[in-house]
1. Restricting attention to the range 14-36, report how many residues are at negative phi and in contact with a Leu (Cβ under 8 Å, 6 or more places away or on another chain).
2. Which of the residues that make up the range 61-97 are of a type in the set (D, E, K, R) and either out of contact with any strand residue (DSSP E or B) (no Cβ under 7 Å at 6 or more places or on another chain) or more than 18 Å from PHE21 (Cβ to Cβ) (or both)?
3. State the number of residues belonging to the range 80-98 that are within 16 Å of the chain's Cα centre (by Cα) and at pLDDT below 95.
4. Could you pull out the residue among ILE13, ILE3 that is in contact with a Gly (Cβ under 9 Å, 6 or more places away or on another chain), of a type outside the set (D, E, K, R) and under 19 Å from ASN121 (Cβ atoms)?
5. Suppose the filter is outside any loop (DSSP other than H, G, I, E, B), at pLDDT 95 or above and over 23 Å from ASP7 (Cα atoms); does ALA124 pass it?
6. Within the range 72-128, which residues are at positive phi and surrounded by 13 or more Cβ atoms within 10 Å (Cβ to Cβ)?
7. Evaluate the range 40-49: report whether one residue or more is at pLDDT 95 or above, more than 23 Å from LEU137 (Cα to Cα) and basic (Lys, Arg).
Amino acid sequence: MTIITRDFGEVEIAQEEILTFPAGLFAFEDLRQFVLLSPLGEDVFPKWLQSTTGSAPCFIVFDPNVVCADYAVILENADERLLRAHSPDTLSILVLATVPEDFTKTTLNLRAPIVINTENNLAAQVILADYEFKHPLYKDEAQSDKADMAESAGEEPC
């Protein structure tokens, strides 16, 4: 199947690559099918979460463990049922990035991750209470020093 992408023009994808979001994404509830594009390599981030029905929306996504090694998602029972998740080993977690003109100011939304059941390609965006909406991807000197102090004091850096 050929889709039109925001950043890469026409791209050929296989039906089994399509991720289905039964409840859509927040603010895009009517759009249910997306595909992950990996132009930099299969296991290389960022990746693009591209709608299959048009060039928009398209989101830049990252593995949250890139910035937060202890990042964890505990699913509510309703989310587990929606994803038909039987094992946490089949779940993949991604977070949306906001990339401004100055890419060094990119932030990751750790509060509303995307959870993908890799067995059946069902996906959902969930809300977590313990994380922030705008976590910096890149740290400047001041942020790095502050994180180092928090870590040495036994606080969680995320």
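The values are calculated or read from the model by the stated rules, or taken from the named source; none is laboratory data. Nothing here was measured: the structure is a model prediction, and the numbers come from that model. Don't worry about glycine lacking a Cβ; one is built from the backbone with ideal geometry, like all the others, and counts go over all protein chains shown.
1. 12
2. ASP63, ASP70, GLU76, GLU80, ARG81, ASP89
3. 1
4. Only one candidate passes the filter, namely ILE3.
5. yes
6. ASN121
7. Looking through the range 40-49, none of the residues is at pLDDT 95 or above, more than 23 Å from LEU137 (Cα to Cα) and basic (Lys, Arg).
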